[in-house]
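These notes concern the structure reproduced below.
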Amino acid sequence: MNLRHSWLLLALPSLLGCSGLLVVALSFAAATFSCLLLCGLALMPLRRHLTPTAQVIASLLIAATLLSCASVLLQMHSHELYRSVALFLPLLAAPCAGLALGGGSTVWGGLRAGLGIASLAIVLGILREALGQATLLQHANWLFGDQAHDWPITLTGLPAMPLLATVSGGFILLGVLLALVRYFLPAIQERP
Amino acid sequence: MNRASILLLGGLAALAVSLLSALHAFTAQPIEAQRQAAAERVLLDLLPPALYDNQPLANPLPLAAGLLENPRPASSYLATLGGRPSAVLLPVSAEGYSGRISLLVAISPDGRLISSKVLQHRETAGLGELIERRRSPWLSGFDGMALADDPARWALRDEGGAVDQISGATVTSRAVRDALQRSLRYFDSHRAQLLGGYVP
């Protein structure tokens, strides 16, 4: 079994918890991408001088610091946004530890992982909000400030499936997306 | 783990601790301000912004536990416009179908219900949950009512009145209706105290 990408799975709980609303998913995507990338950048000069065990500990330290900074910055920006994301942001330290375990360049690893999780979060956010609540950009003022009070769009004509607003629904949606990807793009290798 | 690793890790930890403590020290105040603003938004989105120009949450009037069936001590708030009271915010509780329902009621100085919202409840999803404003407009049906109204306006359809209760959630509807009436009655009997001595 190819374990090189399996540590990305550790981001799954955070991903599912934060993708219910598009606005929350956008902020989660920004935080994840920046933290993973910065962790990869910070780890690169340290790798030569550390034993493998120490590399993992170092990555956890760096990840925890970066994620604490991210959550403090989020609190300063919008308290409601922070409350939606607060539980799940610290869990992202686990994929960052996987950066150290994965081998290879941590900068590219961090970039790819960050982009992957961020784009998946945004796609899930759009789908879960549009199909689950028939709106888009609900609570846009949380992320974009007072000018965004009339940004939320209600998508009339779409049936709302409240199941998708829950985490279980998000998990099911993720499975459906994966099945679609495997069906239409069979060339993609088996990746856990 | 060799010595270089241990030293590096120790240095990294010290750097992390100093960075985070500096960040916390610098951002403690803006964060507290944001937290208070968020708490205000939750409570005050009940009132139309044109109705008040003070900070109602800055001067709470304490309510003892047990008044208005609140299990814990709560506070009522006075909203003023140009120095004259424009609304009183009263927290009130009710025993719903599966637990306590907490409501916040906005009452105008002449004893009329301006608006109300559910702060907390444990009702069944899809049934009693419809008392929430964002789930259904049922609660807005009580806006503008006063105690002096025709009793038939307050009675549920089951009781021969005009209020269309949530089907499948009669206990919840009745509990909320009773809580709203209780708040209006409390306002009437404590009007002077709640309005801060102002006589309309």
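Residues in the range B:6-44 that are among the polar types (S, T, N, Q) and more than 30 Å from B:Pro56 (Cα to Cα): B:Ser18, B:Ser21. Applying a threshold of 8 Å to beta carbon distances and a minimum spacing of six or more residues, or different chains, the list of pairs starting in the range A:163-192 at a residue that is of a type in the set (D, E, K, R) and ending at one that is modelled with pLDDT under 90 reads A:Arg182/A:Ile188; A:Glu190/A:Asn2; A:Arg191/A:Asn2; A:Arg191/A:His5.
Can you name the helices (runs of 4 or more DSSP H) wholly within the range B:117-200 that have at least 2 residues being on the phi < 0 side of the Ramachandran plot and touching a strand residue (DSSP E or B) at 6+ places or on another chain (Cβ under 6 Å)? Even if it seems obvious, please write down each step before you answer.
Details: elements: B:151-154, B:170-189, B:191-194.
Ranges flagged: B:170-189.
So, A:Leu92, is that one open to solvent by less than 20 Å² (accessible area, probe 1.4 Å) and more than 22 Å from B:Pro30 (Cα to Cα) or not? When the stated conditions are applied, A:Leu92 passes them. Could you please find all residues in the range A:32-61 being open to solvent by less than 20 Å² (accessible area, probe 1.4 Å) and not polar (S, T, N, Q)? Across the range A:32-61, the qualifying residues are A:Cys35, A:Leu36, A:Cys39, A:Gly40, A:Leu43, A:Leu50, A:Ala54, A:Ala58. Is it fair to say B:Leu12 is touching a strand residue (DSSP E or B) at 6+ places or on another chain (Cβ under 6 Å) and in a helix (DSSP H, G or I)? Spelling it out, it is not the case that B:Leu12 is touching a strand residue (DSSP E or B) at 6+ places or on another chain (Cβ under 6 Å) and in a helix (DSSP H, G or I).
Scan A:Ser119, A:Ser78, A:Ser84 and give me the residue that is open to solvent by 50 Å² or more (accessible area, probe 1.4 Å), of a type outside the set (A, V, I, L, M, F, W, C) and in contact (Cβ under 8 Å) with a residue 40 or more places away in the chain. Give the derivation first.
Details: A:Ser78 fails: open to solvent by 50 Å² or more (accessible area, probe 1.4 Å); A:Ser84 fails: open to solvent by 50 Å² or more (accessible area, probe 1.4 Å).
A:Ser119 is the lone residue from the list that is open to solvent by 50 Å² or more (accessible area, probe 1.4 Å), of a type outside the set (A, V, I, L, M, F, W, C) and in contact (Cβ under 8 Å) with a residue 40 or more places away in the chain.
Might you let me know whether the range B:14-27 holds any residue that is β-branched (Val, Ile, Thr), open to solvent by 80 Å² or more (accessible area, probe 1.4 Å) and over 23 Å from B:Gln193 (Cα atoms)?
Going residue by residue through the range B:14-27, those that are β-branched (Val, Ile, Thr) are B:17, B:27.
Among the residues that remain, those that are also open to solvent by 80 Å² or more (accessible area, probe 1.4 Å) are: B:17.
Narrowing further to those that are over 23 Å from B:Gln193 (Cα atoms): B:17.
Within the range B:14-27, one or more residues are β-branched (Val, Ile, Thr), open to solvent by 80 Å² or more (accessible area, probe 1.4 Å) and over 23 Å from B:Gln193 (Cα atoms).
Please determine whether any residue of the range B:65-73 is within 25 Å of B:Phe142 (Cβ to Cβ), within 14 Å of chain A (Cβ to nearest Cβ) and basic (Lys, Arg). No - not one qualifying residue is present in the range B:65-73.
How do the helices (runs of 4 or more DSSP H) wholly within the range A:47-166 filter down when requiring 2 or more residues that are of a type in the set (S, T, N, Q) and away from chain B (no Cβ under 11 Å): which remain?
Details: elements: A:52-77, A:79-85, A:93-102, A:106-133, A:140-144.
The qualifying helices (runs of 4 or more DSSP H) are A:106-133.
Pairs meeting the criteria (first residue in the range B:1-20 and at the interface with chain A (Cβ under 9 Å from one of its Cβ atoms) and free of Cβ contacts under 8 Å to residues at least 40 places away in the same chain, second residue loosely packed, with under 14 Cβ neighbours inside 10 Å and not charged (D, E, K, R), beta carbons under 7 Å, at least 6 apart or on different chains) are B:Met1/A:Thr51; B:Met1/A:Thr53; B:Asn2/A:Thr51; B:Ser5/A:Thr51. Filter the range B:111-132 down to the residues that are closer than 24 Å to B:Ser189 by Cβ and in contact with a Phe, Trp or Tyr (Cβ under 7 Å, 6 or more places away or on another chain), then identify the one that is surrounded by the most Cβ atoms within 10 Å (Cβ to Cβ). Restricting to residues being closer than 24 Å to B:Ser189 by Cβ and in contact with a Phe, Trp or Tyr (Cβ under 7 Å, 6 or more places away or on another chain), the top hit is B:Ser116. It is to be established whether one or more residues within the range B:42-59 are out of contact with any helix residue (DSSP H, G or I) (no Cβ under 8 Å at 6 or more places or on another chain), within 11 Å of another protein chain (Cβ to nearest Cβ), under 30 Å from B:Gln181 (Cα atoms) and surrounded by 12 or more Cβ atoms within 10 Å (Cβ to Cβ). Within the range B:42-59, one or more residues are out of contact with any helix residue (DSSP H, G or I) (no Cβ under 8 Å at 6 or more places or on another chain), within 11 Å of another protein chain (Cβ to nearest Cβ), under 30 Å from B:Gln181 (Cα atoms) and surrounded by 12 or more Cβ atoms within 10 Å (Cβ to Cβ).
Which of the residues spanning the range B:97-110 are open to solvent by 10 Å² or more (accessible area, probe 1.4 Å) and closer than 24 Å to B:Asp45 by Cα? Answer for the range B:97-110, where residues must be open to solvent by 10 Å² or more (accessible area, probe 1.4 Å) and closer than 24 Å to B:Asp45 by Cα: B:Arg100, B:Ser102, B:Ser108, B:Pro109, B:Asp110.
Pairing residues of the range B:31-49 that are in contact (Cβ under 8 Å) with a residue 40 or more places away in the chain with residues that are of a type in the set (Ser, Thr, Tyr), at Cβ distances under 8 Å and at least 6 apart in sequence or on separate chains, gives B:Leu43/B:Tyr77; B:Leu46/B:Ser115; B:Leu46/B:Ser116; B:Leu47/B:Ser115. Of all residues in the range A:4-17, none satisfies being crowded, with 20+ Cβ neighbours inside 10 Å, within 14 Å of another protein chain (Cβ to nearest Cβ) and of a type outside the set (Asp, Glu). Figure legend. Inter-residue proximity from the range B:91-114: first residues under 16 Å from B:Gly66 (Cα atoms), second residues open to solvent by 10 Å² or more (accessible area, probe 1.4 Å) and among the β-branched types (Val, Ile, Thr), beta-carbon distance below 6 Å, spacing 6+ or different chains. Indicated pairs: B:Leu103/B:Val118.
The values are calculated or read from the model by the stated rules, or taken from the named source; none is laboratory data. Since the model is a prediction, treat every value here as computed from it, not as a measurement. Every residue, glycine as well, gets a Cβ built from its backbone with ideal geometry; the counts of neighbours run over all protein chains shown. With ligands, DNA and RNA removed, areas are computed over all heavy atoms of the protein, side chains included. Shrake-Rupley method; radii C 1.70, N 1.55, O 1.52, S 1.80 Å.
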